[in-house]
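Worksheet for the structure shown next.
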Amino acid sequence: MAKSRTLFEKIWDAHLVAQPGGRSPILYIDLHLVHEVTSPQAFDGLRAAGRKVRQPSRTVATVDHNIPTEPRGTPITDLIAAKQIAALQANCKEFGVRLFDMDSPDQGIVHVIGPELGLTQPGMTIVCGDSHTSTHGAFGSLAFGIGTSEVGHVLATQCLAQQTPKTMKIEVRRRFADGVTAKDLALGIIGQIGTDGAAGHVIEYAGEAVRGLSMEGRMTLCNMSIEAGARAGMVAPDEVTFAYVKGKRFAPRDGEWGKAVEYWRGLPSDEGAAFDKVVEIDAAQLSPFVTWGTNPGMVAPVTGRVPEVGNLKESDRRATELALQYMGLEPGKRIEDIGIDRVFIGSCTNSRLEDLRAAARVARGHQVSAKVRAMVVPGSQAVKRAAEQEGLHRIFLDAGFEWRESGCSMCLGMNPDILQPGERCASTSNRNFEGRQGRGGRTHLVSPMMAAAAAIAGHFTDIRDWKFQ
Amino acid sequence: MKPFRTHRGRVAPLDRVNIDTDQIIPKQFLKRIERTGFGQFLFYDWRFAADGKKSANFVLDEPRYEGASILVAGKNFGCGSSREHAVWALADFGFRAVISSSFADIFANNGTKNGFLTVRLSEDEAAELMRRAQEVNAYRLTIDLEQCEVRDDQGFEAKFPIDGFVRHCLLNGLDDIGLTLQHEAEIAAYEALHPPAAAR
């Protein structure tokens with residue numbers, strides 16, 4: 001009988017092109033997603049070496065990181081950003097790569113449009129010069145972020161030489177309480193295992209709570225894998241996955257569909273397959289979380305407090321003191337007493353239709369606090385259109401939120417959407433690093449519902465007590 | 001790629017854990033389309049005040065660490081964004097290697113593609129080097145990739161682990177696109193069995 005294998009091992013084995021003695025295995029890459037920030041130097045490398053893009057049909061580009069979220073057609077005033085966008089346009093034209101450009105109805109954050117166009121499929125190997133490529137693992141694909149040199153490598157060879165990662169299973173037992181979401185699970189996991197807890201590993205998320213997540217929820221969860229240091233995160237494909245993929249523009253069609261599903265059904269980890277590490281989480285014990293520090297592992301339940309520094313061991317104390325100093329928080333402060341100035345609902349973590357629906361449900365019939373500026377940035381043009389068809393934009397606008405064009409926006413603040421020094425933001429994004437959303441800005445990571453509630457209350461508040469209207 | 005065999009240089013200590021790539025090179029400097037010129041922006045928000053003036057007390061700007069080419073830092077160095085600009089900035093500033101008890105995977109990978117070494121030591125060893133870099137005047141280390149060893153003039157000696165193939169590429173300054181393309185026949189055979197979907 002064949003050895004029991006994990007989902008990861010099955011995909012890895014199926015993509016091994018060569019295993020040269022004494023070298024890293026060479027892995028075939030099915031889909032390469034490209035954006036404007038991490039690709040120009042890679043295309044330059046191709047030109048300098050006289051190389052071509054080996055498989056233009058497996059390469060797809062969009063602009064997302066530094067584009068403004070003002071109405072499209074507004075001139076880009078940041079000339080260096082405009083130059084970078086122009087470079088991607090020219091590179092895609094020269095090398096024959098499909099580009100979903102600023103004016104495309106399919107433009108959006110690269111990790112939002114891959115799935116919604118059906119480019120992302122179970123069993124694939126997917127890379128992108130972006131650490132949140134782990135998002136695509138939600139479909140039972142092996143998806144990971146790479147640097148610009150590796151972008152060049154994939155463009156030229158459609159392969160990557162990779163050391164074999166270790167495997168980690170995170171078994172999430174039981175179900176979430178109302179008001180607890182995939183984002184809270186992700187934050188809870190990182191809080192438990194730390195920001196380097198999964199370094200060198202590919203995580204497979206399993207268990208009842210994970211099975212119960214929608215594809216959007218699974219994407220949120222896999223997206224944050226990198227924040228635990230993981231190489232990738234994955235969820236085994238099931239009927240929920242197939243129903244999402246079916247009928248999407250680039251999904252297999254007709255006779256191909258049946259064959260694809262048959263293959264995908266064989267991907268989940270075999271009974272008894274061994275993982276290098278196993279972590280157990282009880283979903284029923286999780287609360288809505290709020291980060292209080294400067295990395296995503298510095299997190300507390302909304303009903304909790306900022307830590308007391310005196311209780312910590314020496315090695316953690318200094319990092320905590322530095323974080324609290326940067327965040328302008330006193331030790332022991334109640335999370336619900338932290339007031340905010342800004343709210344950002346968006347990013348590759350939480351900008352999909354389900355996220356916007358959840359936030360709109362909270363916002364309906366309420367008003368954003370007079371001291372808060374709140375913005376909603378849909379993940380893609382398709383998300384924006386769908387939300388507008390449902391009237392979600394009306395709910396947000398009536399409540400006093402800004403409704404903007406799609407892009408990465410204030411998640412990383414490469415475009416004009418940034419925090420001012422000292423401003424405090426409830427954000428549905430993935431990183432609360434110093435200066436991430438703007439120099440001196442203070443970021444607290446939360447779920448879309450928690451962000452919307454904070455916008456209205458003017459401070460963090462437990463969504464489980466919310467008065468929905 | 002510039003080969004890395006043995007390097008001896010001055011050591012600068014950066015005593016913080018979880019230093020993410022947003023700190024190493026903030027996003028406002030990622031818009032350049034070249035690989036060069038990032039060193040001036042290294043640790044920008046720590047080195048410079050909001051008005052662009054040099055901040056007092058940032059360790060890399062202390063005269064005794066001027067010209068340092070080896071950085072010692074706390075665990076999980078290079079976490080966060082995949083931006084290779086972080087390696088380009090460190091290298092352009094003059095660093096050839098970082099020593100820590102752990103590194104984020106993508107950062108370490110990016111390093112190897114640029115002849116930039118990430119040296120992983122035990123927590124105790126890294127802490128000892130941090131102490132020596134802070135206390136010993138003009139502290140210097142030798143990083144010997146052939147022996148996979150770090151040593152100083154005061155008797156410190158430690159071995160570090162590194163993947164054999166990565167070491168081979170670094171020692172010889174090999175371009176790994178060229179190495180992969182040595183397998184052209186196998187790639188072509190794989191592609192014949194796995195054609196891309198029809199264009200839509």
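Helix-only mean residue ellipticity at 222 nm, chain B, DSSP H runs n ≥ 4 weighted -39,500 (n - 2.57), per residue, nearest 500. What is it?
Computed mean residue ellipticity for chain B: -8500 deg cm²/dmol.
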Query - Residues in the range A:178-204 occluded by at least 10 Å² - accessible area, probe radius 1.4 Å, against chain by itself - result: A:195, A:196, A:199, A:200
Report task. Any chance you could look up the accessible area of residue A:320 with a 1.4 Å probe, heavy atoms only, rounded to 10 Å²? Result -> 10 Å²
Query - Given A:371/B:75; A:169/B:159; B:27/B:53; A:83/B:113; A:313/B:53; B:31/B:53, the pairs whose alpha carbons are separated by over 29 Å - result: A:371/B:75; A:169/B:159; A:313/B:53
Query raised in the report: Under unit Cβ charges (Lys, Arg +1; Asp, Glu -1), what dipole magnitude, rounded to 20 debye, does the protein assembly as shown have relative to its Cα centre?
Result: 720 debye
Requested in this report: Give me the angle, in degrees from 0 to 90, between the Cα long axis of helix B:184-193 and the longest principal axis of the Cα atoms of chain B, rounded to the nearest 10.
Outcome: 60 degrees
**Report entry** chain A: relative contact order in percent, alpha carbon pairs under 8 Å with at least 6 residues between
**Finding:** 17 percent
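Partner chain Cβ atoms within 10 Å, averaged over the residues of A:18-28 - can you pull that number for me? Intermediate results must be reported in sequence, preceding the final value.
Values: counts 8, 2, 6, 1, 3, 11, 8, 1, 8, 0, 5.
Mean partner-chain Cβ count within 10 Å for A:18-28: 5.
Summarise the accessible area of the protein assembly as shown (1.4 Å probe, protein heavy atoms) by the percent that is carbon and sulfur.
Numbers: 11790 of 24100 Å².
Heavy-atom surface of the protein assembly as shown belonging to carbon and sulfur, 1.4 Å probe: 49 percent.
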**Report entry** Amide hydrogen neighbours beyond the local backbone of residue B:97, cut-off 5 Å, H modeled
**Finding:** B:71, B:117
Query - Extreme residue, positive dipole direction of the range B:6-174, given options B:29, B:73, B:95 (C-beta unit charges) - result: B:29
**Report entry** the range B:6-174 - charge dipole about Cα centre, Lys and Arg +1 at Cβ, Asp and Glu -1, debye rounded to 20
**Finding:** 500 debye
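Hey, could you grab the Kirkwood Rh for the range A:42-146? Inverse mean 1/r over distinct alpha carbon pairs, Å, one decimal.
Details: mean 1/r = 0.0670 Å⁻¹.
Evaluated over the range A:42-146, this radius sits at 14.9 Å.
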Query raised in the report: Counting Lys +1, Arg +1, Asp -1, Glu -1, what net charge surrounds residue B:104 among other residues with beta carbon under 9 Å of its beta carbon?
Result: -3
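Can you sort A:134, A:214 by solvent-accessible area, 1.4 Å probe, largest first? List each step's numbers first, then the result.
On the way: A:134 0, A:214 35 Å².
Putting A:134, A:214 in descending order of accessible area: A:214, A:134.
Based on Cβ point charges of +1 for Lys and Arg and -1 for Asp and Glu, what charge dipole magnitude is obtained for the range A:250-325 about its Cα centre, in debye rounded to the nearest 20? Provide the component values of the computation, followed by the final result.
Values: 8 positive and 12 negative charges, 63 e Å.
Roughly 300 debye, rounded to the nearest 20.
Taking the Cβ of residue A:232 as the center, what net charge do the other residues with Cβ under 12 Å away carry, scoring Lys and Arg +1 and Asp and Glu -1?
On the way: positive: A:166, A:231; negative: A:204, B:105.
In short, 0.
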Query raised in the report: What figure in square angstrom, to the nearest 10, would you give for the accessible area of residue B:102 with a 1.4 Å probe?
Result: 30 Å²
Query raised in the report: In whole percent, what relative contact order does chain B give with Cα contacts below 8 Å and a gap of six or more residues?
Result: 26 percent
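I want the antiparallel fraction of DSSP beta bridges within the range B:70-168, as a percent rounded to 5.
Working: 6 of 14 bridges.
Taking every DSSP beta bridge with both residues in the range B:70-168, the antiparallel ones total about 45 percent.
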Query raised in the report: Given a 1.4 Å probe, how much area per residue of the protein assembly as shown is accessible, in Å²?
Result: 36 Å²
**Report entry** Selection from A:179, B:82, A:413 lying farthest towards where the dipole of the protein assembly as shown points positive, charges on Cβ
**Finding:** A:413
Requested in this report: Just name one of A:293, A:425, A:236: the one whose Cα is farthest towards the positive end of the charge dipole of chain A (beta-carbon charges, Lys/Arg +1, Asp/Glu -1).
Outcome: A:236
Query raised in the report: Taking only DSSP H segments of four or more residues, each worth -39500 (n - 2.57), what value at 222 nm results for chain A once the sum is divided by all its residues, to the nearest 500 deg cm²/dmol?
Result: -9500 deg cm²/dmol
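For B:177, B:187, give the ranking by accessible area with the largest first, probe 1.4 Å. Present the calculation step by step, with values, prior to reporting the outcome.
Working: B:177 25, B:187 0 Å².
The most accessible residue leads, giving B:177, B:187.
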Query raised in the report: For the range B:6-174, what log10 I(q)/I(0) values come out of the Debye formula at q = 0.12, 0.19 1/Å, with one point per alpha carbon and no solvent?
Result: -0.50, -1.30
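Count the DSSP beta bridges whose two residues both fall in chain A, then state the antiparallel fraction as a percent rounded to the nearest 5. Could you put the intermediate results ahead of the total?
Details: 11 of 53 bridges.
Around 20 percent of the beta bridges assigned by DSSP in chain A are antiparallel ones.
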Query - the protein assembly as shown - convex hull of the alpha-carbon atoms, volume per residue in Å³ - result: 153 Å³
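Figure the gain on full extension for residue A:192 and residue A:177 (residue separation times 0.36 nm, minus the Cα-Cα span) and round it to one decimal in nm. Provide the component values of the computation, followed by the final result.
Numbers: separation 15, 0.36 × 15 = 5.40 nm, distance 1.88 nm.
Contour length minus Cα-Cα distance gives 3.5 nm.
Which whole number gives the average, over all residues in B:97-109, of C-beta atoms from other chains lying within 10 Å of the residue C-beta? It would help to have the intermediate numbers written out before the result.
Numbers: counts 0, 0, 0, 0, 1, 4, 4, 8, 15, 12, 2, 2, 9.
So the per-residue partner count for this stretch is 4.
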**Report entry** Solvent exposure, largest accessible area first (probe 1.4 Å, DNA, RNA and ligands not counted), of B:8, A:424
**Finding:** B:8, A:424
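Per residue of A:290-296, count partner chain C-beta atoms within 10 Å of its C-beta, then hand back the mean as an integer. Numbers along the way, then the final one.
Working: counts 0, 0, 0, 1, 4, 6, 2.
So the per-residue partner count for this stretch is 2.
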Query - Anchor residue A:259: lysines whose Cα lies under 23 Å away (excluding residues fewer than 8 positions away in-chain) - result: A:10, A:246, A:248
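For chains A and B, what's the summed buried accessible area, probe 1.4 Å, to the nearest 100 square angstrom? Before the final figure, lay out each step's value.
On the way: alone 18450 and 10970 Å², together 24100 Å².
Counting protein atoms only, the buried area is about 5300 Å².
The values are calculated or read from the model by the stated rules, or taken from the named source; none is laboratory data. Since this is a predicted model, take the numbers as computed values, not measurements. Cβ sites come from the backbone with ideal geometry, for glycine too, and all protein chains shown count toward neighbours. Ligands, DNA and RNA are stripped out before the accessible areas are found, and what is left, the full protein with its side chains, is counted by its heavy atoms. Shrake-Rupley method; radii C 1.70, N 1.55, O 1.52, S 1.80 Å.
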